[in-house]
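**Student:** Sharing a structure below in structure tokens format, with a few things to ask.
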Amino acid sequence: MQQQAIIDATANYVREQLEGEGSGHDWWHIYRVWKNALYIASQEKGADTFKVELAALLHDIGDHKFHNGDDTVGPRMVREWLERLQVNNALIAEICAIVSGLSYRGAGTSSAMPTLEGRIVQDADRLDAIGAIGIARTFAYGGHKGRELYNPAIAPVLHDNFEAYKSNTAPTINHFYEKLLLLKDRMHTSTAHAMAEKRHHYMKDFLTQFYAEWNATDHLEGD
Ligand code: ADP
Ligand code: NI
């Protein structure tokens, strides 16, 4: 199968699987990550764009968050799909390695990604976790999981292992401190880091306004 035919078939498969998903892991998340990954690859040079595209498209198939924390489901589904397309084994192993290593695992854990393609896709996925879209996705996820918006009595936790991070059920605002505000300085590529700056400041402004409204102090600010 030609590379373009593999990309097209994979995009169709992922779209069918994730279309209409309600927690911010829908097809349009994948689409944005795919396009941003291609943009970052075009700026960074040296990446194999076929691998970038395949990994971006497949990165949330069988995500652990929707399989009781089991992070072996995703790579297994990716392998099965690529075997159906008769992609060679070495390439399947590379894509599975990227998909397995992509997820955020807690504030005190490493985000090391051995390949340039993996670093690009991880940056693109993380860009979609921050900024205006990041805020929207985070509250969509919190609602999907039945979490409180905010509870001042529950402090954020900087998890130092994946198990603790995965089993956390804290209010959604905590996720900003446990992940979202930490992502800017964990971008691998300078292209993504530059894009993250604006999104990061937008989230900080959002939080300032959120607390002002929460504490009924927003009337004190001049206009
Ligand atoms: P990752 O694999 O790194 O978790 P995803 O693309 O699967 O990345 O999506 C992560 C997004 O899911 C987060 O950025 C956030 O929007 C949402 N999310 C995950 N965990 C939580 C949580 N505990 N509270 C709120 N949102 C969450
Ligand atoms: Ni994702």
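**Student:** Starting from residues that are of a type in the set (Val, Ile, Thr) and in contact with an Asp or Glu (Cβ under 9 Å, 6 or more places away or on another chain), keep the ones in segment 136-168 and report whichever is surrounded by the fewest Cβ atoms within 10 Å (Cβ to Cβ).
**Tutor:** My answer is Ile154.
**Student:** Next up: Does segment 1-24 hold any residues that are within 22 Å of His67 (Cβ to Cβ), in a loop (DSSP other than H, G, I, E, B) and touching a residue at least 60 places away in the same chain (Cβ under 8 Å), and which are they?
**Tutor:** Passing the criteria: Gly22, Ser23, Gly24.
**Student:** Next question. Could you go through segment 73-88 and let me know if any residue there is near ligand 1 (Cβ under 10 Å from one of its atoms), open to solvent by 30 Å² or more (accessible area, probe 1.4 Å) and out of contact with any strand residue (DSSP E or B) (no Cβ under 7 Å at 6 or more places or on another chain).
**Tutor:** At the first step, the residues of segment 73-88 found to be near ligand 1 (Cβ under 10 Å from one of its atoms) are 74.
From the residues that got through so far, the ones that are open to solvent by 30 Å² or more (accessible area, probe 1.4 Å) too are none.
No, that holds for no residue.
**Student:** Do we have any residue at all in segment 191-202 that's farther than 21 Å from His159 by Cβ, at pLDDT 95 or above and of a type in the set (Lys, Arg)?
**Tutor:** Looking for residues that are farther than 21 Å from His159 by Cβ, at pLDDT 95 or above and of a type in the set (Lys, Arg), one finds at least one in segment 191-202, hence yes.
**Student:** Residue pairs, Cβ under 7 Å, 6 or more apart or interchain, first in segment 136-149 and part of a loop (DSSP other than H, G, I, E, B), second more than 16 Å from ligand 2 (Cβ to nearest atom) and open to solvent by 50 Å² or more (accessible area, probe 1.4 Å). List them.
**Tutor:** Listed pairs, sorted by first residue: Arg147/Thr169.
**Student:** Among the listed residues Asp60, Asp70, identify the single one that is outside any helix (DSSP H, G or I), at pLDDT below 95 and of a type in the set (D, E, K, R).
**Tutor:** Details: Asp60 fails: at pLDDT below 95.
Asp70 is the lone residue from the list that is outside any helix (DSSP H, G or I), at pLDDT below 95 and of a type in the set (D, E, K, R).
**Student:** Here's another thing I want to ask about it. Return the residues of segment 39-64 that are open to solvent by 60 Å² or more (accessible area, probe 1.4 Å) and more than 19 Å from Gln4 (Cα to Cα); say none if nothing qualifies.
**Tutor:** Answer for segment 39-64, where residues must be open to solvent by 60 Å² or more (accessible area, probe 1.4 Å) and more than 19 Å from Gln4 (Cα to Cα): Gln43, Lys45, Gly46.
**Student:** Could you tell me which numbered condition Lys166 fails, if it satisfies all but one of (1) closer than 26 Å to Ser100 by Cβ; (2) in a helix (DSSP H, G or I); (3) modelled with pLDDT of 95 or more; (4) of a type outside the set (A, V, I, L, M)?
**Tutor:** In the conditions (1) closer than 26 Å to Ser100 by Cβ; (2) in a helix (DSSP H, G or I); (3) modelled with pLDDT of 95 or more; (4) of a type outside the set (A, V, I, L, M), Lys166 misses (3) alone.
The values are calculated or read from the model by the stated rules, or taken from the named source; none is laboratory data. Predicted model only: the values in this text are computed from it and were never measured. Don't worry about glycine lacking a Cβ; one is built from the backbone with ideal geometry, like all the others, and counts go over all protein chains shown. Areas reflect the complete protein model, heavy atoms only, side chains present, ligands, DNA and RNA absent. Shrake-Rupley method; radii C 1.70, N 1.55, O 1.52, S 1.80 Å.
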